[in-house]
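Student: Input: one structure, supplied below.
The values are calculated or read from the model by the stated rules, or taken from the named source; none is laboratory data. A quick note: this is a predicted structure, and the numbers were derived from the prediction, not measured. Counting neighbours? That spans all protein chains shown, and the Cβs are built from the backbone with ideal geometry, glycine included. Accessible surface areas use protein heavy atoms only, side chains included; no ligands, DNA or RNA. Shrake-Rupley method; radii C 1.70, N 1.55, O 1.52, S 1.80 Å.
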Amino acid sequence: MMLTRRTLGLTTLGLAVSATLAACSSNSQDEATEAGKMALIVSDAGETASEELSKAVEAFTKETKVEVDVKTVSDISQELARGITADPTVDVVVLNPAQLSSYAGSLHAWDQGSTAVKDAHPALVTSATRQGRISAAPRDVSTLALFINTSLWSAAGLGESVYPTTWEQLEQVAASLTSDGVVGLTLDASYSRVGAFMVQGGGGLTSADGTQATASSEGSVAGLTEVKNLLSSGSAGWGADLPAGSAADAFGQGQAAMAVETDALVKTLADVYSGVSYAVVELPAGSGGKGTLQFPSFYAVVEASKHKADAIRLVEYLTGAERQVALAGAAGTVPAGRSAGETWKGKHADQAAFLAGVEYSQAVPSAPGVSDVIANLDNELPGLAAGDPAAILAGAQVNLEALLS
């Protein structure tokens, strides 16, 4: 079974609070808005998450008497392009970082002390900030952690006391776990995985706020060099080079003893590879300290909304700790709020590493045009074992400087 990365977005079955969305189209959204309902649009993220969001919105309407039309769409950007106008048909929308970058100028700016924002992890507030404005309220997040196949770990004579916390320890255990047909560590050849090592080195493609290019910094080169060393030694392998075809499937099929993956793998292991015994720990620290990548989503309120006050109330309601815990649990993500996170950890203690990583996480850069730079980098990464990390990153640095200047 080949995997694709789960889209980081929460969605709904299309159940409106006061009426079903049997005819869920652009026309139905326009009609709902004309009828005085507030419109919330989200991307499809699965039945369980959809049902939980519908329940939360229904509870909001029961409490406030504000009717909300929840619409599932396949293309948020397309919907916003026609829904954010002088006469908008969208009031609240769930966005990823790239979409937030594209539409930030048309969205309500949140005050740091506002109810929807004040308890969010600082790293996520930074990711929600565009041109000095908090342009959305953090909703939830996924981070990268280290999955360990505990059966293979024990078979290699290793115990929990040697779960790796540094690059040096990672190299040692990866070598110990590598044997015929099994590689010690796997990850996919993309910045969305390799970038964690660059952050651990003290770098990343950009600064944490996304304003400065740091691709060729000493820390970034150190991180990419660490990945190169693991690959060159034979202790690590790209997911695409293993028989399963991806890091997640290679881990599930026992072709790799460790994998760098998001919390999406937890559900895959439960649904597809339920026989695998595993543990999830924080990624090892590098020469620059701890580091991981974050994949957040946000609630945004359209600035020109006719229902702006109620839209803000809805976001404040959905970002309440109790709702965050329920919604993140259904989506397989981590709540954005610190209070909600502590409650969530009590329910998901075996996944605490994902929550711990939020504090020192960095977002994948999302400024317009950066996706092309990342795509070019991803094209070069498969040849990293025989390549020059500094040379690979130099090209990204030049392109990023041109975009961010």
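Student: Identify the residue in the stretch 201-224 that is part of a helix (DSSP H, G or I) and open to solvent by less than 40 Å² (accessible area, probe 1.4 Å) and, among all such residues, is nearest to P97 (Cα to Cα). Steps first, please.
Tutor: Initial filter on the stretch 201-224 (part of a helix (DSSP H, G or I)): 218-224.
Add one more test, that the residue is open to solvent by less than 40 Å² (accessible area, probe 1.4 Å), and what stays is 219-224.
Working: G219: 24, S220: 22, V221: 25, A222: 26, G223: 24, L224: 24 Å.
Only one residue fits best here, namely S220.
Student: Within the stretch 102-129, can you find the residues that are of a type in the set (A, V, I, L, M), in a loop (DSSP other than H, G, I, E, B) and in contact with a helix residue (DSSP H, G or I) (Cβ under 8 Å, 6 or more places away or on another chain)?
Tutor: Our first condition is that a residue be of a type in the set (A, V, I, L, M); within the stretch 102-129, this holds for 104, 107, 109, 116-117, 120, 123-125, 128.
Narrowing further to those that are in a loop (DSSP other than H, G, I, E, B): 109, 116-117, 128.
Across the stretch 102-129, the qualifying residues are A116, V117, A128.
Student: Please work out which residue is surrounded by the most Cβ atoms within 10 Å (Cβ to Cβ), limiting yourself to the stretch 225-261 and to residues that are within 20 Å of the chain's Cα centre (by Cα) and more than 22 Å from Y163 (Cβ to Cβ).
Tutor: The extreme case among them is D249.
Student: Please work out which residue is nearest to R82 (Cα to Cα), limiting yourself to the stretch 263-314 and to residues that are among the β-branched types (V, I, T) and buried (at least 24 other Cβ atoms within 10 Å of the Cβ). Step through it out loud before you land on a result.
Tutor: Initially, the stretch 263-314 is screened for residues among the β-branched types (V, I, T), giving 266, 268, 272, 276, 280-281, 292, 301-302, 312.
Then keep just the ones that are buried (at least 24 other Cβ atoms within 10 Å of the Cβ); that gives 292, 301-302.
Working: T292: 36, V301: 15, V302: 12 Å.
Among them, the one singled out is V302.
Student: Sticking with this one: Take A145 and decide whether it is touching a residue at least 60 places away in the same chain (Cβ under 8 Å), farther than 17 Å from S297 by Cα and small (G, A, S).
Tutor: On the way: touching a residue at least 60 places away in the same chain (Cβ under 8 Å): yes; farther than 17 Å from S297 by Cα: yes; small (G, A, S): yes.
Spelling it out, A145 is indeed touching a residue at least 60 places away in the same chain (Cβ under 8 Å), farther than 17 Å from S297 by Cα and small (G, A, S).
Student: Within the stretch 225-240, how many residues are touching a residue at least 60 places away in the same chain (Cβ under 8 Å) and part of a loop (DSSP other than H, G, I, E, B)? Let's see the steps before the verdict.
Tutor: Step one: filter the stretch 225-240 for residues touching a residue at least 60 places away in the same chain (Cβ under 8 Å), giving 225-228, 230-233, 235-236, 238, 240.
Applying the additional criterion that residues be part of a loop (DSSP other than H, G, I, E, B) yields 235.
Qualifying residue count for the region: 1.
Student: Looking only at the stretch 136-152, which residues are in a strand (DSSP E or B), in contact with a Leu (Cβ under 7 Å, 6 or more places away or on another chain) and over 30 Å from S114 (Cα atoms)?
Tutor: Correct list: A145, L146, F147.
Student: Counting only residues that are among the charged types (D, E, K, R) and in a helix (DSSP H, G or I), which one in the stretch 63-99 is surrounded by the most Cβ atoms within 10 Å (Cβ to Cβ)?
Tutor: In the first step, residues of the stretch 63-99 are kept if they are among the charged types (D, E, K, R); the result is 63, 65, 67, 69, 71, 75, 79, 82, 87, 91.
When the remaining residues are screened for being in a helix (DSSP H, G or I), the result is 63, 79, 82.
Details: E63: 10, E79: 21, R82: 13.
Checked the stretch 63-99; the qualifying residue surrounded by the most Cβ atoms within 10 Å (Cβ to Cβ) is E79.
Student: Moving on. Which residues, taken from the stretch 132-144, are more than 20 Å from V93 (Cα to Cα) and open to solvent by 20 Å² or more (accessible area, probe 1.4 Å)? Walk me through it before giving the result.
Tutor: Let us first name the residues in the stretch 132-144 that are more than 20 Å from V93 (Cα to Cα), namely 132, 143-144.
If the condition is that a residue be more than 20 Å from V93 (Cα to Cα) and open to solvent by 20 Å² or more (accessible area, probe 1.4 Å), then G132 is the only one that fits.
Student: Scan the stretch 153-190 for residues that are surrounded by fewer than 21 Cβ atoms within 10 Å (Cβ to Cβ), part of a helix (DSSP H, G or I) and among the aliphatic types (A, V, I, L, M) and jot them down.
Tutor: Selection gives A155, V162, A175.
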